[in-house]
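Written out below as structure tokens is the structure these notes cover.
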Amino acid sequence: MNVVLLRGALSSDPRLQELPSGSVLMRWEITTTSGGEKLTVPVTWFDPPTSLRELVAHTEVVVLGVVRRRFFRMGAHVQSETEVVASAAATARQAKTARRIIERAARQVVDAASSPS
């Protein structure tokens, strides 16, 4: 099972990149707190909704996605990055939407736990 649910604040403004295919890639970092420790998590989203492309640093968000490790070549070396690929997100102020995202994550966990391996 690969389900990630994050709640935290954007560490900086999202970075948008238009891909040769015409798709838009949005990258952002979310700072969360777990057990008193602050953690920064890189998040990527392919073709995010236009409303979320306008977010700014320090906005509280809820994000649903999956963990992905991506490999790429930098000169003669192969490097990797682990990131969350978002499938849904909302600002924490959008309480109804944020609640639906959390419920969707819970359903995914329950469905995965109840289906045979």
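Structural remarks
- Looking at Arg27, Arg104, Arg53, Arg70, just one residue is open to solvent by 80 Å² or more (accessible area, probe 1.4 Å) and among the basic types (Lys, Arg), and that residue is Arg104.
- Segments classed as strands (runs of 3 or more DSSP E), wholly inside the stretch 36-117, with at least 3 members that are touching a Phe, Trp or Tyr at 6+ places or on another chain (Cβ under 7 Å): 77-91
- As a summary of the residue check, Thr32 satisfies the conditions (1) of a type outside the set (A, V, I, L, M); (2) open to solvent by 30 Å² or more (accessible area, probe 1.4 Å); (3) assigned to a strand (DSSP E or B) except for the one numbered (2).
- Condition check for Val43: of a type outside the set (Gly, Ala, Ser), in contact with a helix residue (DSSP H, G or I) (Cβ under 9 Å, 6 or more places away or on another chain) and surrounded by 11 or more Cβ atoms within 10 Å (Cβ to Cβ): no
- Hits in the stretch 88-99 (condition: touching a residue at least 12 places away in the same chain (Cβ under 8 Å) and either open to solvent by 60 Å² or more (accessible area, probe 1.4 Å) or farther than 23 Å from Leu25 by Cβ (or both)): Ala92, Arg93, Ala98
The values are calculated or read from the model by the stated rules, or taken from the named source; none is laboratory data. Note that this is a predicted model, so its numbers are computed, not measured. We place every Cβ from the backbone using ideal geometry, glycine too, and count neighbours over all the protein chains shown. What goes into the accessible areas is simple: the full protein's heavy atoms, side chains included, and nothing from ligands, DNA or RNA. Shrake-Rupley method; radii C 1.70, N 1.55, O 1.52, S 1.80 Å.
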